[in-house]
Amino acid sequence: MLEFFFRTVISYSFSILPWFFLGIIIAYVIEKIVHPKIIGKYFARASLSKVILLLILGMISPLSILSFLPIANEFIFLGFNPGMLFSFLLAERAYDLQSFFIITSLFGFKLAILNGLAILISLMVVAYSLRKNHVAFSRSNHQKTNHFFLRQVKLLGMVIVGIAIGAAIRVIIPPGLFQSLAASPSGGLITAIVLGFTLYFGPILGNYPVAKALSDLGMSSAGVFGFLTISPVFNLIVITLFGTAIGFKTTTKAVILYGLIATILTLFFSLLL
């Protein structure tokens, strides 16, 4: 069993880590080029084109909500529309710069494209629903360090933990038992939603080796797609993180709406896989 665990860790690492390190290089260039004052000035007012651009930027952002939330008011002071900032942070949580390449490596190009599209559409619906909401970030004197390379080291640690957890799940759970729960499209989707809501693997990149383990254990493509699409936002810890910063009423509304739209899109897109 131990040998199988290490083989799985190595296999997942070769599929994920090269793209992670490539993403670090790209993220460093983006962070040097895009200055926060430019973002704040451009996104002071909401429009459809700006919302779409903002969500795409959030999905490929090298930032982290764990380091961003304590300094959110500084961005609002620079002119960032609070509702758009919340949408940006949801997008940052739902996807990552390396996501497309890693998901393609693990599950194929078609699933990666559909996953990114489903997440973007779900985020657009949430952003539209927030257009008239008053979003206020709580003030915090606790400033977390935002140094680029320190963030990347922490993220790498989370990714390694995610790989280890994924490998452990792959080794420990009997495939026959799991297949009886998650092999069908409906069973896989329900299992994915339950696991995705209750478990938290840190930054979104930690979800991918776990999704790979679930797939290897026999979870249906609908379940895997749902886990990759729904769980990044529809998660208990994510609700807690955002709820503490902007209030649980607004957060719960946004997360539930995201989960609903993402589930509908999962049911539709999984038919194309």
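The values are calculated or read from the model by the stated rules, or taken from the named source; none is laboratory data. Keep in mind that this is a model prediction, so the values were computed, not measured. For neighbour counting, all protein chains shown are included, and Cβ atoms are generated from backbone atoms with ideal geometry for every residue, glycine included. Protein only, heavy atoms only, side chains kept; ligands, DNA and RNA dropped before computing areas. Shrake-Rupley method; radii C 1.70, N 1.55, O 1.52, S 1.80 Å.
Ordering 263-271, 220-228 by mean Cβ neighbour count within 10 Å, with the highest value first, yields 220-228, 263-271.
Measuring only protein heavy atoms, the 1.4 Å probe finds residue 219 accessible over about 10 Å².
Where q = 0.13, 0.19 Å⁻¹, what log10 of I(q)/I(0) comes from the Debye formula for the range 173-273, counting one point per Cα? Log10 of I(q)/I(0), two decimals: -0.44, -0.87.
In terms of packing, defined here as the mean over residues of other Cβ atoms within 10 angstrom, the peptides 102-109, 169-176 line up highest first as 102-109, 169-176.
Taking 0.36 nm per residue of sequence separation and subtracting the Cα-Cα distance, how much length would be gained by fully extending the chain between residue 190 and residue 14, in nm to one decimal? Display every interim value, and only then the final one.
Numbers: separation 176, 0.36 × 176 = 63.36 nm, distance 2.97 nm.
Additional length available on full extension: 60.4 nm.
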